[in-house]
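The values are calculated or read from the model by the stated rules, or taken from the named source; none is laboratory data. Predicted, not measured: the structure shown is a model, and the values here were computed from it. Positions of Cβ are backbone-derived with ideal geometry, glycine not excepted, and every protein chain shown enters the neighbour counts. Side chains included, ligands, DNA and RNA excluded: accessible areas come from the protein's heavy atoms. Shrake-Rupley method; radii C 1.70, N 1.55, O 1.52, S 1.80 Å.
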Amino acid sequence: MRITVLTGGIGGARFLRGLRQTVGPAADITVIGNTGDDIDLFGLRVCPDLDTVMYTLGGGIDETQGWGRATETWSAKAELAAYGAEPDWFGLGDKDLATHLVRTRMLAAGRPLSSVTAALCARWQPGVRLLPMTDDRVETRIEVERDGRRRTVHLQEYWVKLRAALPARSVVLVGADKAVPAPGVLDALGSADVILLAPSNPVVSIGTILAVPGIRAALATAAAPVVGLSPIIGTGPVRGMANQVLQAVGVAATASAVAGFYGSRRDTGVLDGWLVDSSDAGQVGQVAASGIVCRAVPLWMTDVATTTSMAQEALLLAKEVRGA
Ligand code: GDP
Ligand code: CA
């Protein structure tokens with residue numbers, strides 16, 4: 001079975017671990033990762049979402065934080081701080097730095113990010129094929145307002161430095177309109193048996209991937225069923241900044257509103273099926289009325305076992321909508 005998954009960082013990576021467990025080693029999983037969060041720091045290319053997926057599936061993630069390396073040390077960061085070197089708000093651990101050094105050197109030698117990502121994954125063996133959404137630069141910026149004045153900041157600055165404390169007025173995807181899907185991306189969507197949207201941020205993770213010209217159309221026309229899992233449980237995200245960025249695009253932070261934001265493939269949207277958490281079972285009817293087959297199942301990724309059942313439910317729903 002060929003499964004293609006669109007994902008961001010932490011939420012998506014945790015889900016992928018359950019999915020891999022559900023389908024076993026024989027399944028062929030391709031992951032299309034968001035690169036709108038990528039940032040250059042001290043001359044190094046950092047790809048937070050790709051690395052979170054790679055470390056999580058490769059067994060190197062800091063489980064408590066959900067990002068960065070396990071048993072990390074921070075000597076380089078302390079040394080940079082001693083020089084007063086900016087930016088000082090981004091957590092660059094010593095082990096993590098090696099990834100960025102290797103990546104940057106390969107990019108500087110002219111290799112595209114997709115090829116570099118494959119090279120890094122040769123070490124981590126994530127058990128999936130990890131593709132960046134594009135080899136081109138796309139930068140997600142958040143328009144913020146302070147004292148009546150608006151400016152845009154890099155998504156990482158919004159999240160890590162400003163801790164998403166200022167209201168987000170809009171989301172700007174610099175370079176997205178000219179980006180081209182990375183090699184293998186459109187093929188992975190076109191040849192998939194199942195396409196899944198991980199429980200990732202709908203605006204700045206999945207939304208960014210869908211903004212790369214050709215990807216949304218590939219989902220709309222794919223032969224495979226497309227099923228998504230809600231990153232919103234109750235009235236907010238489980239973790240992350242979904243509330244702030246959903247508000248910026250005028251979408252309520254509820255599972256049904258996010259389904260509406262993605263839309264049904266029967267209209268101009270991308271979803272055939274949508275999973276909401278059991279506690280949101282009251283929203284199933286509303287989602288179904290918009291032409292999306294909807295089920296309520298437990299969606300808290302508290303451990304690998306529950307995440308594995310979640311993935312199983314997503315595959316079951318995919319089978320059901322295909323028959324519909
Ligand atoms: P990021 O790039 O690191 O922000 O990660 P993602 O975009 O992949 O995922 C962030 C989203 O994951 C947030 O909006 C959370 O609501 C969602 N998320 C995190 N943990 C869980 C969980 O246990 N269950 C569900 N359904 N969503 C989760
Ligand atoms: Ca991210």
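Each Lys or Arg adds one and each Asp or Glu takes one away; over the other residues whose Cβ falls under 14 Å from the Cβ of residue 19, this sums to +2.
Note that the range 229-314 presents 41 Å² accessible area per residue, ligands and nucleic acids not counted, probe 1.4 Å.
For the range 264-271, the Karplus equation 6.51 cos²θ - 1.76 cosθ + 1.60, evaluated at θ = phi - 60°, returns couplings of 8, 5, 5, 9, 10, x, 10, 9 Hz by residue, with Gly and Pro reported as x. Could you please report the charge total around residue 130, scoring K, R as +1 and D, E as -1 over all other residues with beta-carbon less than 11 angstrom from its beta-carbon? Overall, the nearby charge balance is -1. Share of carbon and sulfur in the accessible area of the range 25-67 stands at 53%, probe radius 1.4 Å.
When the alpha-carbon atoms of the chain are used, the pair Rg, Dmax equals 18.9, 62 angstrom.
Counting other Cβ atoms within 10 Å of each Cβ, which trypsin sites (Lys or Arg not before Pro) in the range 221-306 have at most 12 and sit in a DSSP loop?
On the way: sites: 239, 265, 266, 295; in loops: 239, 265, 266.
Filter output for the range 221-306: 239, 266.
Approximating the spin labels as points 7 Å out from Cα along Cα→Cβ, the residue 28-to-residue 42 distance works out to 4.1 nm.
Classify the range 1-131: rounded, prolate or oblate, from the alpha-carbon gyration tensor (a ≥ b ≥ c, eigenvalue square roots; a/c under 1.5 rounded; otherwise prolate if a/b is larger than b/c)?
On the way: a/c = 2.34, a/b = 1.66, b/c = 1.41.
Prolate shape, in that a/c is at least 1.5 and a/b is the bigger ratio.
Here the range 204-309 carries DSSP beta bridges of which approximately 20% are antiparallel, counting only pairs with both residues inside.
Where does the chain land at 222 nm, in deg cm²/dmol rounded to the nearest 500, when only DSSP H runs of n ≥ 4 count, each adding -39500 (n - 2.57), divided by all residues? Please report the intermediate quantities before stating the final value.
Numbers: 12 runs with 118 residues, N = 324.
My calculation for the chain gives -10500 deg cm²/dmol from helical runs alone.
Rounded to the nearest 0.05, what FRET efficiency is calculated for residue 322 and residue 147 with R0 set to 35 Å and r the Cβ-Cβ distance? After rounding, the FRET efficiency stands at 0.10. Residues in the range 286-294 carry Karplus couplings, in order, of 5, 5, 4, 4, 8, x, 10, 6, 10 Hz; the curve used is 6.51 cos²θ - 1.76 cosθ + 1.60 with θ = phi - 60°, and Gly or Pro positions show x. What is the list of residues in the range 5-32 whose amide nitrogen lies under 13 Å from a point 7 angstrom out from the Cα of residue 191, following Cα to Cβ? In the range 5-32, the label zone of residue 191 (backbone N under 13 Å from the point 7 Å along Cα→Cβ) covers 28-30. Remark on residue 233: its backbone amide H falls under 5 Å from those of 238, a criterion applied only to residues 5 or more positions apart or on other chains, H modelled at 1.01 Å from N.
Computed from backbone phi with θ = phi - 60° and the Karplus coefficients 6.51, -1.76 and 1.60, the 3J(HN,Hα) list for the range 192-198 is 6, 8, 9, 10, 10, 9, 4 Hz; x is used for glycine and proline.
Between the range 6-33 and the range 92-140, the alpha-carbon centres lie 18 Å apart.
Residue 70 to residue 165: extension gain in nm, 0.36 nm per residue of separation minus the Cα-Cα distance?
On the way: separation 95, 0.36 × 95 = 34.20 nm, distance 2.78 nm.
Extra length from residue 70 to residue 165 when fully extended: 31.4 nm.
In this label model, residue 86 and residue 302 are separated by 4.5 nm, measuring between points 7 Å along each Cα→Cβ vector. If I model the range 171-324 as equal point scatterers sitting on the Cα atoms and use the Debye formula, what is log10 I(q)/I(0) at q = 0.12, 0.13, 0.16 Å⁻¹? One equal scatterer on each Cα of the range 171-324 leads to -0.48, -0.57, -0.87.
Taking the Cβ of residue 200 as the center, what net charge do the other residues with Cβ under 13 Å away carry, scoring Lys and Arg +1 and Asp and Glu -1?
Values: positive: 14, 239; negative: 37, 49.
Here the charged neighbours net out to 0.
Residues whose amide H lies under 5 Å from that of residue 74, counting only those 5 or more places away or on a different chain, are 94; hydrogens are built 1.01 Å from N in the peptide plane.
Just to confirm the number: angle between the C-alpha axis of helix 48-58 and the first principal axis of the chain, 0 to 90 degrees, nearest 10? Compared with the principal axis, the helix lies near 70 degrees. Measuring nothing but protein heavy atoms, the accessible surface of the range 159-276 at 1.4 Å probe radius is 54 percent carbon and sulfur.
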